[in-house]
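These notes concern the structure reproduced below.
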Amino acid sequence: MTRIEIEVGGWEHNCCGPELVRFTKVEWTVIPVADGPSVETHHGLDESEGLRVVEVAGTIVELEAVEPDGSRTPISRIPSGPALSGSDEEDAGDVVELYTDRVLDMSDHRFIATVEVRD
């Protein structure tokens, strides 16, 4: 098994991204980045857009919030985009530190999902 770090968030996730929780299976299109995490995209980008994209299928094994200073904090889930933007009446969109239950300020909405894939 191989673990791949994938950045999730920003405008794409805020628009219509689903809630993400640890130990769930995902199938994503990602843009590989040479010197950092790959970037998840779900708005129909393909290689015709001039970007190299790859398909990733695996299980989310870790979730982290990227703090404004660039540090990472383990979290229990990534709320859906609508919840993060305050438009989900049933989900407050809180981002909670995994081991302390501290609610994080996530105004940047940047997250890292570590996905375990088969070799």
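Please treat every number below as a calculation from the coordinates, not as lab data. Keep in mind the model is a prediction, meaning the values are calculated, not measured. Note that we place each Cβ from the backbone using ideal geometry, even for glycine, and neighbour counts take in every protein chain shown.
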Practice task
Have a look at Gly81, Ile6, His43 and report the one farthest towards the positive end of the charge dipole of the chain, computed about the Cα centre with Cβ charges (Lys/Arg +1, Asp/Glu -1).
Solution key: Ile6
Completion exercise
Given backbone amide H placed at 1.01 Å from N, residues whose amide H is under 5 Å from that of Val33, ignoring those fewer than 5 places away on the same chain, are Ser38, Val39
Problem - Anisotropy class of the range 53-92 from Cα gyration tensor, a/c 1.5 cut - result: oblate
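Exposed loop sites here are trypsin sites (Lys or Arg not before Pro) in DSSP loop states with at most 14 other C-beta atoms within 10 Å. What is the longest stretch of the chain lacking them? Please list the in-between numbers first.
Numbers: sites that count: Arg52, Arg102, Arg118.
The reported range is 1-51.
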Problem - Range in the chain, longest, excluding exposed GluC sites (Glu not before Pro) [loop by DSSP; at most 16 other beta-carbon atoms within 10 Å] - result: 20-88
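Cα convex hull of the chain: mean projected area in nm², to one decimal? Walk me through the intermediate numbers first.
On the way: hull surface 31.1 nm².
The directionally averaged projection comes out at 7.8 nm².
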